[in-house]
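The values are calculated or read from the model by the stated rules, or taken from the named source; none is laboratory data. Being a predicted model, the structure only gives us computed values, none of them experimental. Don't worry about glycine lacking a Cβ; one is built from the backbone with ideal geometry, like all the others, and counts go over all protein chains shown.
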Amino acid sequence: MTALSSGTSRPLRGTCRVPGDKSISHRALILGALAVGRTRIKGLLEGEDVLRTAQAVRALGARVKRDGEGSWSIDGVGIGGFSEPAEPLDLGNSGTGARLLMGAVATHAFTTFFTGDDSLRKRPMARVAHPLSQMGARITARDGMRMPLAVEGARTPLPLSYTPPVPSAQVKSAILLAGLNAPGETTVVEPNPTRDHTESLLRHFGARVEVMEIERGGRRITLTGQPELKPADLTVPGDPSSAAFPLVAALIRPGSAITITGVGINPLRAGLFATLAEMGADIDFRRQRVAGGEPVADLKAKAGALRGVDVPAARAPSMIDEYPILAVAAAFATGRTVMRGLGELRVKESDRLTTMAKGLVACGVKATIDGDDLIVEGRGGSVVGGARIAAELDHRIAMAFLVLGGAAKKPTRIDDGATITTSFPGFVALMNRLGTRIAEAKR
């Protein structure tokens, strides 16, 4: 365990680049492994979660090589070309890697065993297992459909039309990845659209994917199965979920002004940016461009007064990973912020809804839970801090409270920052270069 402490920082200044997008990195590795030929990826996130996915596709038969910092090459085996791994696939803390790979192997006629760390073994996999079983896979797991589990791939895969009961990019992606090795058309209907990196990357690698708008803003995504994916080089944009931490740190520390370069601003990932704008945040999107099929911009953020807002439940799919750091911004705002429809946060790396509320209260901020809503009474920039936070093996909880400590009156401590490397290697060094005071806490 590595306890970390964050004290009041000087105003943040400078320019930085955050690691590559985690969602895109996972998907690029898997689709590169299913293409025929060599794919080169630049800017790949080299966090623990993504490295576990790289290790897994290597175990499934693809050749995966690190060529330099953030630069990787994959020699793929083609659709249906995965081979049975000799050992269980250990995905560590990565729910994304686990669920996507369950889909990728579900239509291969062999058995794959999955496991992970203590946190991942507590997370339910039923929402993925149910549609994959309808495609012909057989999934055996512990009570509650939890890891360790075995996926016995379908010998005669079936295409599927499926409407997920809860908006989930991971469920959608698992179904589409399984559909690659099934005949005919596999369709996912989304009443509330989720991040569309899988659809974009499938097209990038040569698959036929059609997206149709349906009533009330929903989407119908249809994949034509059994394509021949072609190798397709790409550059991974900076992860907006990681950019959220230095961004909010600058917004809440008076006198701060920073620029974060090359951040992905996909509209289906931009919920946090929209919410911060409603709160009055000074964020300028500069040099907007397209890289690797994704919209990208440089974000210039200046500190200023924030106000509380009402965040609708419909926005949750576009910012589901950003609620911990949004709750920190809400704590420093003036007035009440209500974040609605956050039931999905209960089944993340920790119960983020409960953990954030408890942590904010410990730091002197009034925070309550009403059903699936988180209500934060902002303190107008005057947050006490001073708490010792149990991060519950959750990287985003850990980073959120370290950001809070940088603008609070008293230093804030987290019990363990080791999991931060799963999504944001170099987080402490980057934040300290900008002006924060994060250090290993004394025992």
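A compact table of results
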quantity: Yes/no for E199 being free of Cβ contacts under 8 Å to residues at least 12 places away in the same chain and either under 23 Å from P167 (Cβ atoms) or of a type in the set (G, A, S) (or both); calculated: no
quantity: Any hit, region 74-89, residues being within 30 Å of S318 (Cα to Cα) and of a type in the set (F, W, Y); calculated: no
quantity: Answer from I265, I221 - the residue that is outside the structural domain of I41 (by TED's automatic domain parsing) and either crowded, with 24+ Cβ neighbours inside 10 Å or touching a residue at least 12 places away in the same chain (Cβ under 8 Å) (or both); calculated: I265
quantity: Verdict on A391 being surrounded by 24 or more Cβ atoms within 10 Å (Cβ to Cβ), part of a loop (DSSP other than H, G, I, E, B) and out of contact with any Lys or Arg (no Cβ under 8 Å at 6 or more places or on another chain); calculated: yes
quantity: Leading residue by the ranking (surrounded by the fewest Cβ atoms within 10 Å (Cβ to Cβ)) among those in region 64-121 that are charged (D, E, K, R) and closer than 27 Å to T224 by Cβ; calculated: E84
quantity: Search result, residues across region 354-364 that are touching a Gly at 6+ places or on another chain (Cβ under 8 Å) and either on the phi < 0 side of the Ramachandran plot or outside the structural domain of L326 (by TED's automatic domain parsing) (or both); calculated: C363
quantity: Selection within region 65-91 - of a type outside the set (V, I, T), at pLDDT 95 or above and outside any strand (DSSP E or B); calculated: G78, G80, G81, F82, S83, E84, P85, A86, E87, P88, L91
quantity: Condition met for T156 (closer than 22 Å to G95 by Cβ and out of contact with any helix residue (DSSP H, G or I) (no Cβ under 9 Å at 6 or more places or on another chain)); calculated: no
quantity: Matching residues, region 1-34, being surrounded by fewer than 24 Cβ atoms within 10 Å (Cβ to Cβ) and either in contact with a Phe, Trp or Tyr (Cβ under 6 Å, 6 or more places away or on another chain) or not in a loop (DSSP other than H, G, I, E, B) (or both); calculated: S5, G7, R13, G14, T15, C16
